[in-house]
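*Asks:* One structure is given below, represented as structure tokens, and several questions about it will come after.
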Amino acid sequence: MFTFVWSWTLSPVHTAITDEDGESVWIDENDNVNSTIPGGAWIFRLSEEKELALVANPVGTYQIEVKGRTDAVSGDTFALHIYYPTSETDSKFITYQNVPVLPATIATTSIGENVNEYSLQIDTNGDGIIEDVVLPTTLNGEPYDADGDGGGGGGGVCFIATAVYGSHMAEEVKTLMDFRDNVLLNYSLGRMLVKSYYEISPPIADYIGKHEILKTAARVTLTPIVYGVKYPKAFVLIFLSSIIAITLTLRVRRSNRF
């Protein structure tokens, strides 16, 4: 099986594919192909406006990253097409059209057996802050329905958590993303919550990312949530122990008054 990723644009972009071990295949500004992925991984510069990337025998999850080249200007856009075989008989074919790009733009999404939604995260200025989300134009040749199966934000980054912890690769962000994909997106109410979050969180994350005191406050708030998601049994035990301790303390104080 192969993962085919190709893109074309009114101004050139570069594509990179990264596996779960952090190994990548990419092409640089000088059109030099680089690869650390074991086995077959290639990128071909077909023309000034078209690039083809392939990874052989894909297993697991891959991150697809598109970077604007230095000659991209305001108003330029690109299209991205991803083909991923999920089995010997089934596959996913995702397309994105008319995605804005600047020289510093970094657009990322994920593809894999357990990825159910494919929002393209747009870091317009290359500063690590996600300013926009672009949903696919089509999935397997049909118009993409964000409210259908797998819709609502799975497979993309958590904006606020990324701004707070500094990277979408941070362990805390990955924990929250796993909770979203494996728990929230399995229920209609969870999908509604995730969809609402993706609609309102980008400007909030942008604002938090520019103010260190807000990042610190948000980190203090998020850390117990991350711990509870990652270690639910321990979190419940600590929570119940805290309730019992508070209750006993209040009773002791009350009894001392009489």
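The values are calculated or read from the model by the stated rules, or taken from the named source; none is laboratory data. These figures come from a predicted structure and were not determined experimentally. A quick note on method: Cβ atoms are made from the backbone with ideal geometry, for glycine too, and the neighbour counts reach across all protein chains shown.
*Asks:* Tell me yes or no: at least one residue of segment 99-112 is closer than 28 Å to Thr77 by Cβ, outside any strand (DSSP E or B) and at pLDDT below 80.
*Replies:* no
*Asks:* Given the options Asp28, Asp76, name the one that is at pLDDT below 80 and either buried (at least 18 other Cβ atoms within 10 Å of the Cβ) or more than 19 Å from the chain's Cα centre (by Cα) (or both).
*Replies:* Asp28
*Asks:* Additional query: Is at least one residue of segment 175-184 closer than 25 Å to Gly209 by Cβ, touching a helix residue (DSSP H, G or I) at 6+ places or on another chain (Cβ under 7 Å) and either modelled with pLDDT under 80 or in a loop (DSSP other than H, G, I, E, B) (or both)?
*Replies:* Checked segment 175-184: at least one residue is closer than 25 Å to Gly209 by Cβ, touching a helix residue (DSSP H, G or I) at 6+ places or on another chain (Cβ under 7 Å) and either modelled with pLDDT under 80 or in a loop (DSSP other than H, G, I, E, B) (or both).
*Asks:* From the list Thr89, Thr108, which one is in contact with a strand residue (DSSP E or B) (Cβ under 9 Å, 6 or more places away or on another chain), within 25 Å of Asn140 (Cα to Cα) and hydroxyl-bearing (Ser, Thr, Tyr)?
*Replies:* Unique residue meeting the criteria: Thr108.
*Asks:* For segment 75-127, how many residues are of a type in the set (Phe, Trp, Tyr) and within 15 Å of Ile17 (Cβ to Cβ)?
*Replies:* Residues that pass the stated criteria total 3.
*Asks:* Still on this structure, I have one more. Looking at segment 30-74, which of the residues that are part of a strand (DSSP E or B) and among the acidic types (Asp, Glu) is farthest from Tyr118 (Cα to Cα)?
*Replies:* That would be Glu51.
*Asks:* While we're here: Looking at (1) within 16 Å of the chain's Cα centre (by Cα); (2) under 21 Å from Gly141 (Cβ atoms); (3) crowded, with 17+ Cβ neighbours inside 10 Å, which one does Tyr84 not meet, given that it meets all the others?
*Replies:* Condition (1) is where Tyr84 drops out.
*Asks:* Between Ala41, Ala56, which is surrounded by 16 or more Cβ atoms within 10 Å (Cβ to Cβ), more than 21 Å from the chain's Cα centre (by Cα) and among the small types (Gly, Ala, Ser)?
*Replies:* The conditions single out Ala41.
*Asks:* Ser35: among the hydroxyl-bearing types (Ser, Thr, Tyr) and modelled with pLDDT under 75, yes or no?
*Replies:* So Ser35 fails the test.
*Asks:* Report, by residue number, each residue of segment 75-90 that is free of Cβ contacts under 8 Å to residues at least 12 places away in the same chain and either touching an Asp or Glu at 6+ places or on another chain (Cβ under 6 Å) or not in a loop (DSSP other than H, G, I, E, B) (or both).
*Replies:* none
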